[in-house]
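Novice: Can you read through this structure? Questions will come right after.
FYI, it's all coordinate maths here, none of it is from the lab. For clarity, every value in this text was computed on a predicted model and none was experimentally measured. When we count neighbours, we look across all protein chains shown, and the Cβ atoms used for this are built from the backbone with ideal geometry, even at glycine.
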Amino acid sequence: MAYIAPSVLSCDFANIQRDIEMLNKSQADYIHVDIMDGVFVPNISFGLPVCEAMARHATKPLDVHLMIVHPENYVEAFKKAGASIISVHYEACNHLHRNLQQIKALGIQAGVALNPHTSVSLLSEIIQDIDMVCLMSVNPGFGGQKFIENTYSKVSQLKNLIIQKNASTKIEIDGGVNAETAPKLIKAGADVLVAGSYVFGAANPTQTIAELKSL
């Protein structure tokens, strides 16, 4: 059974509180918050004030995914804004080990996100320091994209690396998660499934979350 992290990038921005309260009552394990700066990715989403507002209403941990340049300048502020987990992009960090230490020093979990073209083997020297690896199964920046099939292979490779290094790292998948891809991802070794448009575009989001949770 996987952990489910609905992505509020696909919620109704005019009714964020309502949608957060729906997630509180659902079987979701985390609330996934995508932070985009328009530089690292070609889109802009939420900033600190919106994250803080979500945290005031959320009873589930906020899983904050920083798709931004220079994440080290903002992790402390996002922790104060309510983040329980902060993931930084491998591609945005010149000193990844230092970035992870910085997040853990705040008393929260540290994650690393990988773009579709980035090999999981690049994490071999650092996997034991990572609480969660977020594998992007679409190109970051926009919701509702088509799932990249190579992701299943990446999950298997990453799972093997985690076992080989005796690490306790969770594998999170972000993008294109639905009823078809979710079972295959879990079979390949995924622990956490991020679902945005599949949940918020459903007639009954709570039921959709429950169905993902039951896989």
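Novice: Starting from the eigenvalues of the Cα gyration tensor, five times each then square-rooted, give me the equivalent ellipsoid semi-axes of the range 1-84, largest first, whole Å. Don't skip to the end; give the middle numbers.
Specialist: On the way: eigenvalues 87, 36, 32 Å².
They are 21, 13, 13 Å, listed from largest to smallest.
Novice: Let me check I've understood the local charge: for TYR30, count other residues with C-beta under 13 angstrom from its C-beta, Lys and Arg +1, Asp and Glu -1. What total comes out?
Specialist: -4
Novice: What net charge is computed for the residues neighbouring VAL155, neighbours being all others with C-beta under 15 Å from the C-beta of VAL155, Lys and Arg scored +1, Asp and Glu -1?
Specialist: On the way: positive: LYS154, LYS159, LYS170, LYS184, LYS187; negative: GLU149, GLU172, ASP174, ASP191.
Result for the neighbourhood of VAL155: +1.
Novice: Just to be sure I understand: of the beta bridges DSSP finds with both ends in the chain, what percent are antiparallel, rounded to 5?
Specialist: Beta bridges within the chain, antiparallel portion: roughly 5 percent.
Novice: Take the cross-link list LYS80/LYS187; LYS80/LYS146; LYS104/LYS154; LYS80/LYS184 and give me the ones stretching past 32 Å between alpha-carbons.
Specialist: LYS80/LYS187; LYS80/LYS146; LYS80/LYS184
Novice: Same structure again: Classify the range 3-213 as rounded, prolate or oblate from the Cα gyration tensor: take a ≥ b ≥ c as the square roots of its eigenvalues, call it rounded if a/c is under 1.5, otherwise prolate when a/b beats b/c and oblate if not.
Specialist: In terms of gyration-tensor shape, oblate.
Novice: Let me ask something additional. Would you tally the net charge around PRO49, using a Cβ to Cβ cut-off of less than 14 Å, leaving PRO49 out, and scoring K and R as +1, D and E as -1?
Specialist: Overall, the nearby charge balance is +1.
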